[in-house]
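One structure is given below, encoded as structure tokens.
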Amino acid sequence: EEGSGEDSSEDEDEAGKAAARLEREARTKAAMAARTPDRLRSPICCIMGHVDTGKTKLLDNIRRTNVQDGEAGGITQQIGASFFPNETLCDRMGSLLAKNKVAVRVPGLLIIDTPGHESFSNLRSRGSSLCDIAILVIDIMHGLEPQTIESMNMLRAKQTPFVIALNKVDRLYGWSEAKDRPFIEAIEEQDDGVKREFESRASAILLSIAEQGLNAQLYYRNKDPREYISLVPTSAHTGEGVADILMNLVGMTQKMFVDRIMWTPMVQCTVLEVKVIEGLGATADVILANGTLKRGDRIVMCGFGGPVVTRVRDLLTPRPLRELRVKADYLHHQEIDGAAGIKICANHLENVVAGSACLVPFKDVPYDLEVLKEDAMGDLNKLAKAASEVNGGVGGFAMGAT
């Protein structure tokens with residue numbers, strides 16, 4: 001007789017979980033339907049390319065607006081990512097905004113500068129890949145390099161739209177510097193020899209991109225951005241073309257990918273890495289792509305020894321640059337809207353797997369927590385599979401205590 005009692009409670013659990021799954025699907029659908037183009041979130045952009053093409057230099061250039069005043073003009077350093085607020089984008093695009101009649105409607109741009117991140121190649125967070133758009137940096141002097149091609153294939157496989165930054169134009173022989181000017185203006189001021197060298201190098205790179213099976217065109221000649229990838233010549237050193245690339249990114253997301261960047265309250269969040277920090281204990285650096293995280297939220301993540309269920313004790317973002325000298329290093333938040341890079345403080349984070357999703361259960365749906373525990377552990381199997389495919393099925397998981 002005793003066996004049957006246990007069976008019925010198991011059946012109840014299963015029924016409860018099934019109901020919770022349906023409820024979650026229904027709420028997700030409702031949330032997706034309620035999105036409006038009036039409220040956009042910041043697009044997430046990652047920067048990729050071969051080593052030494054100038055990826056970080058390019059970011060540094062976008063970041064600094066008025067360094068000489070001893071402050072870095074309105075850029076918050078977000079974790080594993082830099083957040084460029086709307087004002088800064090408008091400021092850097094300058095004359096191009098009026099010329100091309102572009103209005104910046106996104107709240108900002110979140111640029112992830114950890115593309116070489118171990119969790120990047122398997123950051124398939126729930127089918128929505130983390131980045132909405134990407135910048136692929138190519139050195140105009142070197143053309144396509146192995147990593148460039150690898151990055152291209154990665155972006156293509158995930159169907160991530162991207163623009164190509166043709167970097168280091170200031171290395172063309174005889175280039176005269178036009179600091180921070182849009183590229184179209186800068187190239188007009190060059191000698192014929194420089195223009196010729198630029199054209200020949202650019203067309204050689206366009207050809208080698210075509211050999212990879214992609215159509216590309218210099219952005220100011222690109223009549224059909226849906227079919228052709230825009231090539232934006234830049235110089236990270238002297239800043240020519242930086243305005244152009246920002247304008248391309250903003251214009252591209254606002255025109256063609258509005259449905260990707262509409263804000264929704266459903267949390268989409270991915271763990272980049274877990275770090276132990278003095279005075280805070282184990283913390284998880286996450287990218288919150290969409291939704292709102294609050295202090296005290298329960299979160300479910302995938303751990304090496306089973307699902308990790310914990311409460312958010314604190315949400316931290318780094319202070320804006322100019323406040324670094326203040327001893328408290330982080331700003332504390334009650335709640336944060338996506339997209340943002342956040343450091344989460346909570347208990348039991350030591351065993352969380354980098355690259356897994358961070359899920360928030362509904363408080364009012366019984367069994368939703370159980371469902372998410374199963375989902376979170378599904379991540380581990382996916383990540384293990386991705387990891388084993390990378391090294392041809394050899395090797396296992398290694399946990400590093402950093």
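All other residues with a Cβ under 10 Å from the Cβ of E23 taken together, and with Lys, Arg as +1 and Asp, Glu as -1, what is their net charge? Before the final figure, lay out the partial values.
Working: positive: R21, R24, R27; negative: E25, D364, D368.
Computed value for this residue: 0.
For region 257-379, carbon and sulfur atoms together expose 51% of the accessible surface, with a 1.4 angstrom probe and every protein chain in place.
Under the rule a/c < 1.5 gives rounded, and otherwise a/b versus b/c splits prolate from oblate, where does region 264-375 land using the Cα gyration tensor?
Working: a/c = 2.09, a/b = 1.51, b/c = 1.38.
Since a/c reaches 1.5 and a/b is larger than b/c, the shape of region 264-375 is classed as prolate.
Each peptide in 361-368, 38-45, 289-296 receives the mean, over its residues, of other Cβ atoms within 10 Å, and ordering these scores from highest gives 38-45, 289-296, 361-368. Packing-based ranking of 50-61, 342-353 yields 342-353, 50-61, ordered from highest to lowest mean Cβ neighbour count within 10 Å.
Each residue of region 89-100 is assigned a 3J(HN,Hα), and the resulting list reads 4, 4, 4, 6, 7, x, 5, 5, 4, 5, 4, 9 Hz, derived from the Karplus form 6.51 cos²θ - 1.76 cosθ + 1.60 (θ = phi - 60°), x at Gly and Pro. Computed in the context of the full set of protein chains, the accessible area of region 119-256 at 1.4 Å probe radius has 48% of its extent on carbon or sulfur. Label point 7 Å out from V365 along Cα-to-Cβ: which residues of region 15-54 have amide N under 19 Å? In region 15-54, the label zone of V365 (backbone N under 19 Å from the point 7 Å along Cα→Cβ) covers 15-35. At full extension, E177 and A157 could sit 3.4 nm farther apart than now, given 0.36 nm per residue minus the alpha carbon distance. Were the residues from F257 through E278 laid out at 0.36 nm apart, the gain over their Cα-Cα distance would be 3.5 nm. For region 41-56, 3J(HN,Hα) computed residue by residue from phi via the Karplus equation (6.51, -1.76, 1.60; θ = phi - 60°) reads 9, 6, x, 9, 10, 10, 10, 10, x, 5, 4, 6, 8, x, 5, 5 Hz, glycine and proline entered as x.
Close amide H partners of L272, meaning residues 5 or more places away or on another chain with modelled amide H under 5 Å apart, are D285, V286, I287, G355.
The values are calculated or read from the model by the stated rules, or taken from the named source; none is laboratory data. Quick caveat, the model's predicted, so the values are computed rather than measured. When we count neighbours, we look across all protein chains shown, and the Cβ atoms used for this are built from the backbone with ideal geometry, even at glycine. For the accessible areas, the whole protein counts, side chains as well, though only heavy atoms, and no ligand, DNA or RNA atoms are used. Shrake-Rupley method; radii C 1.70, N 1.55, O 1.52, S 1.80 Å.
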